[in-house]
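Here is the structure we will look at.
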4 protein chains.
Amino acid sequence: MNVTQASVLEKFEAPLRLREFPLPTHLEPGAALVRTEMAGICGTDVHLWKGELPISLPVILGHETVGRIEQLGEGLERDWTGQPLRAGDRITWNSATSCGHCYYCAEKRQPTRCAERRAYGIGYRCDQPPHLLGGYAKFHYLRPRTHIFKLPDDLPTESVIGAGCALITAIHGIERTGIVWRDNVVVQGAGPVGISALAVAKASGAAQVIVIGGPKHRLEMAKRFGADHTIDINAVRDPAARISAIRELTGSHGADVVLECVGIPSAVVEGMEMCRDGGKYLILGHYCDGGTVSFNPHVVTRKQLQIFGSWSSEPRHMKAAIEFLRAHRRDFPFDAMVTHRFPLDQANEALSTTAQWDSAKTVLIPNA
Amino acid sequence: MNVTQASVLEKFEAPLRLREFPLPTHLEPGAALVRTEMAGICGTDVHLWKGELPISLPVILGHETVGRIEQLGEGLERDWTGQPLRAGDRITWNSATSCGHCYYCAEKRQPTRCAERRAYGIGYRCDQPPHLLGGYAKFHYLRPRTHIFKLPDDLPTESVIGAGCALITAIHGIERTGIVWRDNVVVQGAGPVGISALAVAKASGAAQVIVIGGPKHRLEMAKRFGADHTIDINAVRDPAARISAIRELTGSHGADVVLECVGIPSAVVEGMEMCRDGGKYLILGHYCDGGTVSFNPHVVTRKQLQIFGSWSSEPRHMKAAIEFLRAHRRDFPFDAMVTHRFPLDQANEALSTTAQWDSAKTVLIPNA
Amino acid sequence: MNVTQASVLEKFEAPLRLREFPLPTHLEPGAALVRTEMAGICGTDVHLWKGELPISLPVILGHETVGRIEQLGEGLERDWTGQPLRAGDRITWNSATSCGHCYYCAEKRQPTRCAERRAYGIGYRCDQPPHLLGGYAKFHYLRPRTHIFKLPDDLPTESVIGAGCALITAIHGIERTGIVWRDNVVVQGAGPVGISALAVAKASGAAQVIVIGGPKHRLEMAKRFGADHTIDINAVRDPAARISAIRELTGSHGADVVLECVGIPSAVVEGMEMCRDGGKYLILGHYCDGGTVSFNPHVVTRKQLQIFGSWSSEPRHMKAAIEFLRAHRRDFPFDAMVTHRFPLDQANEALSTTAQWDSAKTVLIPNA
Amino acid sequence: MNVTQASVLEKFEAPLRLREFPLPTHLEPGAALVRTEMAGICGTDVHLWKGELPISLPVILGHETVGRIEQLGEGLERDWTGQPLRAGDRITWNSATSCGHCYYCAEKRQPTRCAERRAYGIGYRCDQPPHLLGGYAKFHYLRPRTHIFKLPDDLPTESVIGAGCALITAIHGIERTGIVWRDNVVVQGAGPVGISALAVAKASGAAQVIVIGGPKHRLEMAKRFGADHTIDINAVRDPAARISAIRELTGSHGADVVLECVGIPSAVVEGMEMCRDGGKYLILGHYCDGGTVSFNPHVVTRKQLQIFGSWSSEPRHMKAAIEFLRAHRRDFPFDAMVTHRFPLDQANEALSTTAQWDSAKTVLIPNA
């Protein structure tokens, strides 16, 4: 058990390679070693693979992970919520950690903008110890100060990975935007972030949630999650027609809140027109740089819009997500999002399934 | 006294024409007839003259006006604040009135987006009675339900017109955005809206206000109004250099709040980069459609921005403006903004002075 | 049809008397005459009967009413939402109307504190024309500017009166307080206001709602409306034990939001202790003056509480209530609240049923 | 230099005793040893001396301190804002530190309610090493993780101690309450917290600030700090008369915001009546348990009040305070607050000067 395997991104747009790494022989105080149970393939992983974010290679991808504790470093005794941790416990964790005391963390309370943040599966090279800092691997090393969450026994791993980083991202974004009881809400996008935003909007008491997206299997998933209406972008191909459809469904005024969860710049210009005057617009899907769009600022002035951005999430959003997943399994079946599973040596197949929007959520089972 | 004069926009981009109109012989209940004392030339008038807003001609321009009551219609006894009104009183008024009970007025509390709103000097044709519904005229007719404000004796007409619709627009926009004690604030633009935004930002306790604009005489006015720093766009011509300058003045982070008061689309993209992460951006200057700009929504997500639009103003902003002008004449010398005065028959000269940014504020004295 | 009947409060704490009144022969422009279909007995009516609010007698009680339009005054063509009105339409209305332009209405946007507000069934004497300004009557006169709402055919009158003024009061109060998705909420009181607050809290995405109150039949109603836990004040008689129970149900911290819906001063002191530090407390039940309680302000400082008051409601809350009742009849069966019905000549029996907390909601059927 | 002195509270209501303590021979990593330059006597120290807060004796009082670094523990290289620290630097620090990761710190973002918080001068016994954890001493030990702030050379020590914990408390409280440009503000109390609240309210753009308090020398200080009006509680002894005076000064409506800075329970009931309907009330002065008052919750419902509590402060408030003190020395002369100075062996005299409200601010110069 001295050597283990991980799937490595060595070169942008080239196949991931299965590589061997030494298992750590000694853990730092506060660190942990985890045997990976399931690793989610996030849409961001596709963007990383294409080189659309400026990261340093080689990297073990994977920032949505559930595993069981193999070994605990000295002093690591409790999870983020105060529960005791023991070997064998099933856990998940925030992929990134903020410093807690810098200008953004402490003075402006924007910890997701901390300059020291680095995320597992994105920001750590794997050619240096402790190597195992991504989810596409049989083992995962958790550095000291990682925010760990012990999972309750009645919450399936599929729920946690089905929700993935999409749910915590949506929780944060909607917290910043504010959905009030009885709001008319539009969600642009039916991928994991869109489905998560739909779930949080419904649970926040939205009068109706209209989901715009595709392909069909995703809109059917949106209906399972309670979408009051769906608009298929493959059927209604003209943005003006989609805007009209939203107007019709909202008493001619437009929606109180529109949540952008697609990452395509033109969706932003379209989405602002879907807001009622004085309404709110969340730009949540542009984690990667998707380029520019021709935009008229007069729209923002004339419609008196409020527009919000939101980046990543804080540990408290993970706590909320876990409680929410556990309380609402029937209404919001995130476990059913996991439609495609692959072993570690088929990581490339997994990635391409995600890239082609064939799945709701694709996962790796590294120790299958 | 049966006939009076007004300066009329009959055709876009053609000279205004001095025309005669009958004085009303009878006032509707709740209406008033006012002898114009001073009428401001607003930058919007230049845009109207160019045909950049979809209005129906002929129109008497002028939506910033002070006059003395000539005659009061039946039942009009008090101004908006409850003070008694009498012939001879010096007054100003909101150029537009909302209905008070529609979806935007009553349900969503966005009265400036009321569908029934029409503004004096913009939205009324003058070829139909009561004709006199704009400020570029010797007399002004106030329709029933106009929000009238009696002016205190110790507040010069120059202060009211120097502030004009710019101040109430800025008050509304900053109310929506929220400036908190100790915020670092950037104002893009040194015209009347920019100067007004500067004044309100300073009075709201901003730690520093940096004004970006030109030409020189406007930046000097900004300094008189308390700007902590000014950046001359004619001297610092590269947007990247201006962004760097803001970073340097704000401890490398960017400003907490950036207020756009120019109306040029590229300023919006530049201004967002001047915000610190998690900062606020107000798009206030785009009252007219100034066209599009190439915009990257990734910036909003990554920087976690909050962006606000604001349209026109409500009567309570006029009340605040009048009290503010009266209380702070020394710190914020809005009367000194009135740098150019013209009689009614030189309305075209007045308009072109404004168009060329030669003045701080140009006014007409119709009964000079 | 020249004379009609109403039940009149002539003297505090004396039986209501059935009196005859002339039907109006002519309606003012904007007014309406309504044939009463159902009139709710509100807990406030009991307080009014006891003389606990300073009103001028004689009064026809009843401020929660549904009726059918008998006649429309000139110019009254649409309801508050813009729907056309015709004789025979089933409608409800706000019992009070604000002026729309005073200090509280327009400047401070607190229209429920308008000095000109008077409520049907409370603030109008019936010994002067048009007499019929309360719900305990066969006909009701609606003065010009009353906010009227046409009821959709699929919404039973029982739902509207079962919700009564309690629901719109709760909607306003919770709007002011803000319940956020996943909040732990406590409702003090299981009467109509408490049940309404429970419904809105559940619909707003509360993680759990705990209702404290009695008697048993009301707590059972609370469970039908989705209460996650109930605490019977007749079983848990010690306030300290109730506070401990809340702590246990909220992970030892206390609730994020506590909603007071009882009107007993000691409940306020108890309720603040049920809040977590930094939590929110709404004092909603003290519409009448219930006297004083011994209160320690140190609690507010130390616990960093936010405390809110809320008075009556605005028309937009009525619109929200009607939409909410229609959309959620299954989850929140307000029609089932109507447990006791009486004809007009048994108004005293109806009032005493309400006074003794025997009913969920008692109503009059004046034209039965 | 192996032994040093401090003034010790050994028994409630008994004179402080000058005691000797060993100077630490070795500093923990991250700790610091400071030579005390000035220590403020806070009103809370008087309450502590009387035994009104449940603390464990013996204690070296003093939680407002400026000193010079004598020695730095390993790894302590920068202050809270990132500035380098060196021996000889003049610094101040937050008296308390929160853990940063508990329910209140991280999940609910109420770090001042962290269960692990203990404050220098209040929460540490001095009969255990490192002993020197209060300001009434020649040397002060700073434990690891203390939030240290290097003072700029142009900011006098008198400004920092004159402001003391009062200013940071006021900044936090007003942040929670929100003062908006043009608000009418009342401050109840003219002690250090009241004066600080006045300064922040003025700097936040209040239309007027009215200070209620005494004795005369404190009201004169209030005028130096820009109070628009003062009401002497020794001259206007009837609360109803004070409420009337506030109404008169605020156009009959009451104030938009009332800030309680006295700590006397009856002031809270009085202060709520000074608010306009829909106004805001901050209970800031009740850091200690001052007992109860007879309170009518109907007032909160009827007036639609918002009431806030605020406890202690966070490091970012100290940063704001230091910048504010430095920028506004002329308008807000906090250095002039230091009216009484005593050497360490006259700590009892210093305490009694504060107890009797003889001073604006009394300080100790321990190394005089």
**Request:** For a footprinting-style exposure proxy, rank A:352, A:56 by other Cβ within 10 Å, fewest first.
**Result:** A:56, A:352
**Prompt:** In cubic angstrom, how much convex hull volume per residue do the alpha carbon atoms of the stretch C:57-140 span?
**Reply:** 116 Å³
**Complete:** Expressed as a percent, the portion of alpha-carbon pairs in the stretch B:295-368 spaced more than 15 Å apart is 73 percent
**Asked** How big is the shadow of the Cα convex hull of the stretch C:64-204, averaged over all directions, in nm²?
**Response** 10.5 nm²
**Prompt:** Which residue, A:245, A:197, A:106, tops the fluctuation ranking in a GNM of chain A built on C-alpha contacts under 10 Å?
**Reply:** A:106
**Asked** Can you give the convex hull volume per residue for the Cα atoms of the stretch A:6-88, as a whole number of Å³?
**Response** 125 Å³
**Exercise: per-residue mean of other protein chain Cβ atoms within 10 Å, C:281-294** = 5
**Prompt:** Cα centroids of the stretch C:188-236 and the stretch D:96-130: how far apart, whole angstrom?
**Reply:** 37 Å
**Request:** Would you list, by chain and number, the aspartates and glutamates whose Cα falls below 16 Å from the Cα of residue C:216, excluding same-chain residues fewer than 8 positions away?
**Result:** C:228, C:232, C:358
**Prompt:** About its Cα centre, how strong a charge dipole does chain B have in debye, to the nearest 20, once Lys and Arg get +1 and Asp and Glu get -1 at the Cβ?
**Reply:** 440 debye
**Message:** If you build the convex hull over the alpha carbons only and average its shadow over all orientations, what do you get for the stretch A:187-249? Give it in nm² to one decimal.
**Reply:** 3.8 nm²
**Prompt:** Copy-to-copy spacing for residue B:11, label 7 Å out on the Cα-to-C-beta vector, in nm, shortest first?
**Reply:** 7.0, 8.4, 10.3
**Request:** Project the alpha carbons of the stretch A:243-336 onto their principal axes and report the range along each, largest first, in whole Å.
**Result:** 43, 33, 22
**Prompt:** If contacts are Cα pairs under 8 angstrom and at least 6 residues apart, what is the relative contact order of chain A in percent?
**Reply:** 19 percent
**Fewest-first ranking of A:216, B:280, using other Cβ atoms within 10 Å as the exposure measure** = A:216, B:280
**Request:** Would you mind estimating how fast chain A diffuses translationally, via Stokes-Einstein at 4 °C and 1.567 mPa s with the Kirkwood radius over Cα pairs, in µm²/s?
**Result:** 62 µm²/s
**chain B: most fluctuating residue of B:148, B:41, B:60 per GNM, C-alpha cutoff 10 Å** = B:148
**Asked** Gaussian network model of chain C, Cα springs within a sub-10 Å range: biggest mean-square fluctuation belongs to which of C:188, C:71, C:356?
**Response** C:356
**Ratio of the Cα radius of gyration of the protein assembly as shown to 2.2 N^0.38 Å, where N counts its residues** = 0.95
**Fill in**
Looking only at aspartates and glutamates whose Cα falls under 20 Å of residue C:11's and that sit 8 or more positions away or on another chain, we get C:20, C:45, C:52, C:127, C:289, C:345, C:349
**Request:** Report Rg(Cα)/(2.2 N^0.38 Å) for the stretch C:180-293, keeping two decimals.
**Result:** 0.94
**Request:** Neighbouring Cβ atoms within 10 Å as the yardstick, rank D:72, B:132 fewest first.
**Result:** D:72, B:132
**Closest-to-axis residue of chain C (Cβ criterion, axis taking C to A), whole Å** = C:205, 3
**Message:** Tell me the Kirkwood radius of the stretch C:115-166: reciprocal of the mean inverse pair distance over distinct alpha-carbon atoms, in Å.
**Reply:** 12.9 Å
**Fill in**
Computed ³J(HN,Hα) along the stretch B:355-366: with the Karplus parameters 6.51/-1.76/1.60, θ = phi - 60°, integer Hz and x for glycine or proline, the list is 4, 8, 6, 6, 9, 6, 9, 9, 9, 9, 10, x
**Asked** Check residue D:361: other-chain or 5+ apart residues with amide H under 5 Å from its amide H, H built from backbone geometry?
**Response** D:339, D:340
**Links that overshoot a 24 Å alpha carbon limit, given the list A:303/D:108; C:108/D:280; A:303/B:108; B:202/D:361** = A:303/D:108; B:202/D:361
**Per-copy distances of the residue D:341 label point, shortest first, in nm (7 angstrom along Cα→Cβ)** = 5.7, 7.7, 8.6
**Prompt:** Using the beta-carbon distance between residue B:266 and residue B:336 and R0 = 30 Å, what value does 1/(1 + (r/R0)^6) give for FRET efficiency, to the nearest 0.05?
**Reply:** 0.50
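The numbers here are math on the coordinates, done by the rules we state, and not lab data. Nothing here was measured: the structure is a model prediction, and the numbers come from that model. Neighbour counts run over all protein chains shown; Cβ positions are idealised from the backbone, glycine included.
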